[in-house]
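Quick notes on the structure that follows.
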Amino acid sequence: SSVLYGSSALNGIINFRTADASNTPVTKFFTEIGIFGSPRNRNWLWWNTPRIFTNTSFSHLQKFGKTDLGVSAYLMTDEGYRRLNGENMARMSLKLKHFSNRVEGLNYGLNISSGTTHRTDFLLWENAETGALKQSETTASEFRGDYITIDPFISLRKTDRYRHDLKVRFRSDRNRLPDNENNNSDAINFYSEYQLWYRLTDFLDLTSGFAENYSKVRSEFFGDHYALNLAGFAQLEI
């Protein structure tokens, strides 16, 4: 796994995949609301009204001829049981996938995801006795961040002998701290990967390809910098 996914995968990988559309449209909606309980140590209780958290999500999958469509949205509000540590989050995504009529085994598409978060971070507790769940106002800071990813892809599979995959990702991040603008930062990242899978014999498979990763960061605190990584890989499986 470290050959195909990098040295961080020495202990294995977890692969998350969004669902594909079927011939039957599927729409799902989920929502929940909860209340934080009180701490056992009554000296730590600082709130007079219940601390609430909510989650809401929506998704829809549908086929339009040879084109798959998927849309989803997620909203979260968490007042938190720690003072000055609440968070609001929103995320939306779009998935398009088209199967070619002219070329057998060819499909291509585009995934777009965007999100925003607004929360308060902290560094120190107020004190160890009555302030164990209260952040010190001198170290609490407001944080606002958002991102967008654009992921085009193309795949060609011929019978069960070989497969070509080209994946590209463009990502932009923006982080803002209104109380401490010296910690603001912006980042862009461009990643691309080509992978070939080929069945040499009934018991021997070859996977090979190359990857590129470019990033550029503008940071008031750490300074501006960029990075470029290029890699090739090959793996035989028996």
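The values are calculated or read from the model by the stated rules, or taken from the named source; none is laboratory data. On a predicted model such as this, the values are computed, not experimentally measured, just so you know. No Cβ is skipped: glycine too gets one built from the backbone with ideal geometry, and neighbour counts run over all protein chains shown. Keep in mind that these areas ignore ligands, DNA and RNA; they rest on the heavy atoms of the full protein, side chains included. Shrake-Rupley method; radii C 1.70, N 1.55, O 1.52, S 1.80 Å.
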Mean ellipticity per residue at 222 nm, deg cm²/dmol - from DSSP H runs of n ≥ 4 across the chain, formula -39500 (n - 2.57)
0 deg cm²/dmol
Please report, in whole Å, how far the alpha carbons of segment 176-222 spread along each principal axis, starting with the longest.
62, 14, 13
For the pairs LYS97/LYS216; LYS66/LYS167; LYS95/LYS158; LYS28/LYS158, flag any whose C-alpha to C-alpha distance is greater than 32 Å.
LYS28/LYS158
Using each residue's phi in segment 141-152, evaluate 6.51 cos²θ - 1.76 cosθ + 1.60 at θ = phi - 60° and report the 3J(HN,Hα) Karplus result to the nearest Hz, with x for Gly and Pro.
9, 6, 10, 10, x, 8, 8, 8, 10, 10, 10, x
When the chain is fully extended, how far beyond the present Cα-Cα distance does SER114 get from THR159, taking 0.36 nm per residue of separation?
12.6 nm
Quick calc of log₁₀ I(q)/I(0), segment 121-171, Debye, one scatterer on every Cα, no solvent, q values 0.14, 0.29 1/Å, result -0.60, -1.03
Using a 1.4 Å probe on heavy atoms of the protein chains only, the accessible area for GLU126 in Å², nearest 10, reads 80 Å²
If you wrap a convex hull around the Cα atoms of the chain, how much volume per residue is inside, in Å³?
185 Å³
In nm, spacing of pseudo-spin labels at SER38 and ALA234 (7 Å Cα→C-beta vector)
6.9 nm
Counting pairs of Cα atoms in segment 93-142, how many percent are more than 14 Å apart?
69 percent
With every protein chain present, what is the per residue accessible area of segment 1-152 (1.4 Å probe, Å²)?
67 Å²
In a Gaussian network model over the chain where Cα atoms closer than 10 Å are linked, find which of GLY65, GLY209, GLY86 has the largest mean-square fluctuation.
GLY65
Can you pull the percent of the chain's accessible area that's carbon plus sulfur, 1.4 Å probe, other chains left in place?
55 percent
Taking the chain and dividing mean pair separation by its residue count, relative contact order in percent (alpha carbons under 8 Å, at least six apart):
11 percent
Evaluate the distance, in nm, between pseudo-label points positioned 7 Å from the Cα of LEU123 and of PHE58 along their respective Cα→Cβ axes.
4.1 nm
Using Stokes-Einstein with the Kirkwood hydrodynamic radius over Cα pairs, what translational diffusion coefficient do you get for segment 126-238 at 37 °C and a viscosity of 0.692 mPa s, in µm²/s rounded to a whole number?
181 µm²/s
Computed over segment 21-120, Cα set: Rg, Dmax in Å
20.6, 71
Under 5 Å between amide hydrogens, which residues at least 5 positions from ARG51 or on another chain qualify, with H placed 1.01 Å from N in the peptide plane?
PHE36
So, over other residues within a Cβ distance under 11 Å of LEU133, counting Lys, Arg +1 and Asp, Glu -1, the net charge is +3
Report relative contact order for segment 39-81 in percent, whole number only (criteria: Cα-Cα under 8 Å, sequence separation at least 6).
40 percent
Low-density loop cleavage sites - trypsin sites (Lys or Arg not before Pro) in segment 1-72, where at most 11 other Cβ are within 10 Å (DSSP)
ARG17, ARG40, LYS66
